[in-house]
């Protein structure tokens with residue numbers, strides 16, 4: 001639980017095989033207590049998000065704030081107990097490394113249908 005009494009929540013595209021594989025990997029290996037949900041299965045408005053937002057990128061909602069794209073993944077890493085994951089997460093949101101993390105996220109999102117777990121539905 002966080003300061004607001006809600007569990008931090010990772011919201012991903014459940015129609016994308018790569019996203020689902022990645023979210024399941026995070027759920028299985030996270031040392032932090034986080035919820036993991038496909039945006040299609042929850043009321044995204046209750047998190048202060050729209051379907052258009054959550055259909056376009058991954059989101060992590062923690063302490064009443066939402067982070068999208070590379071920042072979401074960085075915040076997931078920062079929530080972990082392992083100091084190495086926390087360090088990688090901190091680097092991912094610190095300029096100029098955050099610029100590179102943003103570009104990497106965009107490239108992965110664009111080509112996710114070609115990555116492990118990806119399906120033709122990921123391309124849409």
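The values are calculated or read from the model by the stated rules, or taken from the named source; none is laboratory data. Since the structure is predicted, the reported quantities are computational estimates derived from the model, not experimental observations. Note that each Cβ is placed from the backbone with ideal geometry, even for glycine, and that neighbours are counted across all protein chains shown.
Condition first: under 11 Å from the mean Cα position of the chain (by Cα) and surrounded by 13 or more Cβ atoms within 10 Å (Cβ to Cβ). Can you find one or more residues in region 81-102 that meet it?
no
What do you reckon, is residue 64 at positive phi and surrounded by 12 or more Cβ atoms within 10 Å (Cβ to Cβ)?
no
Restricted to region 43-56, and to residues that are over 26 Å from residue 81 (Cβ atoms) and touching a residue at least 24 places away in the same chain (Cβ under 8 Å), which residue is surrounded by the most Cβ atoms within 10 Å (Cβ to Cβ)?
So the residue we want is 54.
State all residues of region 58-81 that are in contact with a helix residue (DSSP H, G or I) (Cβ under 7 Å, 6 or more places away or on another chain) and in a loop (DSSP other than H, G, I, E, B); if no residue qualifies, say none.
Passing the criteria: 58, 69, 80.
With the structure loaded, tell me whether residue 77 is modelled with pLDDT of 95 or more, surrounded by 19 or more Cβ atoms within 10 Å (Cβ to Cβ) and out of contact with any strand residue (DSSP E or B) (no Cβ under 9 Å at 6 or more places or on another chain) or whether it fails that test.
Taking the combined requirement at face value, the residue satisfies it.
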